[in-house]
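Student: This is the structure, below, for whatever I ask next.
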Amino acid sequence: MTNVNRSAARAAQPASGEVSGARQVLGRIFTMRNIAVVSLVVYFAVFMAYPIFSAFAGSLHDWNPLIDKYDWVGFDNFVNVLTDGLFWKSLWNTAIYSFFSILFRVVLGLALALLLSSKLVKCKDTLRGLFYMPTITPLVAVSFVWMWMFDPQCGMIDKITGLDISWLNDSRYAMPAVIIMTIWKDFGYATVLYLAGIMALPRDVYEAAQIDGANWWQTFRSITLPLLKPTTLLIVITSLISYLQAYVQILVMTKGGPGTDTYTISYLIYDQAFQKYNFGTASAMSVILFVLTGILTILMFKASGDNTEA
């Protein structure tokens with residue numbers, strides 16, 4: 001009887017080969033690579049694809065989640081946005097802010113990179129770290145510091161310059177003040193990228209130009225600048241995407257004021273969604289901003305490609 005029970009128990013147990021094979025299959029499925037890929041897909045679906053889909057769907061509805069309102073209105077939200085003067089004013093403010101911030105970010109970043117790559121400067125690594133430090137500083141903290149610096153009563157800007165300007169309360173100076181803060185915070189990013197690009201440039205091209213008798217300006221214009229075009233394109237595109245979404249610095253420093261003189265598209269979206277609880281209109285603006293960013297990025301890539309082929 002005991003032998004019969006033992007035989008039955010052995011029959012019930014899976015063969016060691018089958019267990020080993022199952023473990024190998026599970027090991028191939030649950031590799032770190034597969035886990036990482038699945039995690040990225042889930043992250044993209046939950047935190048990117050779903051919000052984008054929700055924004056597109058919400059733009060077609062009169063939407064207020066606070067009172068559980070979600071009524072179909074078609075393209076009425078887009079019509080209301082495109083006929084709203086504040087939207088076009090915010091778009092213009094965003095364009096001004098983005099243009100000057102990108103311009104000075106590129107110019108200052110390239111100038112400092114050229115200076116740091118020259119033999120005139122010592123302690124290059126230290127300076128590189130100092131220039132890059134504002135870039136990694138939280139934007140909220142930087143905005144608060146500059147808001148206090150621009151204060152007309154106790155701020156250091158007026159005291160150093162001897163001016164008597166209420167920077168953030170004057171419609172003539174509020175947006176320039178925000179742009180100055182943005183340039184100070186972000187030019188280090190361009191400096192580091194340009195330094196990496198300059199260090200990767202081929203030395204033999206410069207030696208040939210020197211033999212041909214080219215001066216500094218001719219070398220910079222004909223060799224350095226064209227070879228740094230991919231780096232410039234990267235800086236401009238990433239800056240454009242970032243500055244079209246400018247919101248934190250506006251909220252902290254001016255709250256869109258004085259009046260609506262520093263409203264940007266992103267701040268207007270925030271105002272519509274979380275101040276007026278008009279999520280449908282805010283979603284329509286988000287869709288327009290999404291499409292506009294994509295079109296501008298494609299146009300810049302096309303223009304850069306055409307210039308390269310030429």
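The values are calculated or read from the model by the stated rules, or taken from the named source; none is laboratory data. These numbers come from a predicted model, not from an experiment. No Cβ is skipped: glycine too gets one built from the backbone with ideal geometry, and neighbour counts run over all protein chains shown. Just the protein is used for accessible areas: all its heavy atoms, side chains included, with ligands, DNA and RNA removed. Shrake-Rupley method; radii C 1.70, N 1.55, O 1.52, S 1.80 Å.
Student: Net charge within 12 Å of MET199 by Cβ-Cβ distance, Lys/Arg positive one each and Asp/Glu negative one each, not counting MET199 itself?
Tutor: Counting the neighbours of MET199, the net charge comes to +3.
Student: Still on this structure, I have one more. Let me have the relative contact order for the stretch 221-280, percent, based on Cα pairs under 8 Å that are six or more residues apart.
Tutor: 23 percent
Student: Can you give me the accessible area per residue for the stretch 226-299, using a 1.4 Å probe, in Å²?
Tutor: Ligands and nucleic acids excluded, the result is 40 Å² per residue.
Student: Compute the length gained on full extension between ALA209 and TYR132: take 0.36 nm times their separation in residues and subtract their Cα-Cα distance, giving the result in nm to one decimal.
Tutor: So the chain would gain 24.5 nm between ALA209 and TYR132.
Student: Mind checking the per residue accessible area of the stretch 32-105 for me, 1.4 Å probe, whole number of Å²?
Tutor: Ligands and nucleic acids excluded, the figure is 68 Å² per residue.
Student: Lys/Arg Cβ at +1, Asp/Glu Cβ at -1, dipole of the chain taken about the Cα centre: which of THR264, THR135, MET285 is farthest positive-ward?
Tutor: Result: THR135, furthest along the dipole toward the positive end.
Student: Hey, any idea what % of the stretch 107-194's accessible area is carbon plus sulfur with a 1.4 Å probe?
Tutor: About 69 percent, which is the carbon plus sulfur part of the accessible surface.
Student: What order do TRP146, TRP92 take when sorted by accessible area (1.4 Å probe), most exposed first?
Tutor: If we order TRP146, TRP92 from most to least accessible, we get TRP92, TRP146.
Student: Hey, another quick one. Take each uninterrupted DSSP H stretch in the chain, measure its Cα extent along the helix axis, and return the ones at 30 Å or beyond whose mean Kyte-Doolittle hydropathy is at least -0.5.
Tutor: TM-like helix candidates: 85-117, 174-199, 279-309.
Student: For the stretch 90-186, count all C-alpha to C-alpha pairs, find those more than 24 Å apart, and express that count as a whole percent of the total.
Tutor: 34 percent
Student: Turning to a different aspect of this structure: For the cross-link pairs LYS89/LYS276; LYS119/LYS229; LYS229/LYS302; LYS69/LYS255, which exceed 22 Å when the distance is taken from alpha carbon to alpha carbon?
Tutor: Beyond 22 Å: LYS119/LYS229; LYS69/LYS255.
Student: How big is the stretch 128-258 by Rg and Dmax over its Cα atoms, in Å?
Tutor: 19.4, 58
Student: Here's another thing I want to ask about it. For the chain, take the convex hull of the Cα atoms, compute a quarter of its surface area, and give me that in nm², please.
Tutor: If I average the Cα hull's projected area over directions, I get 31.3 nm².
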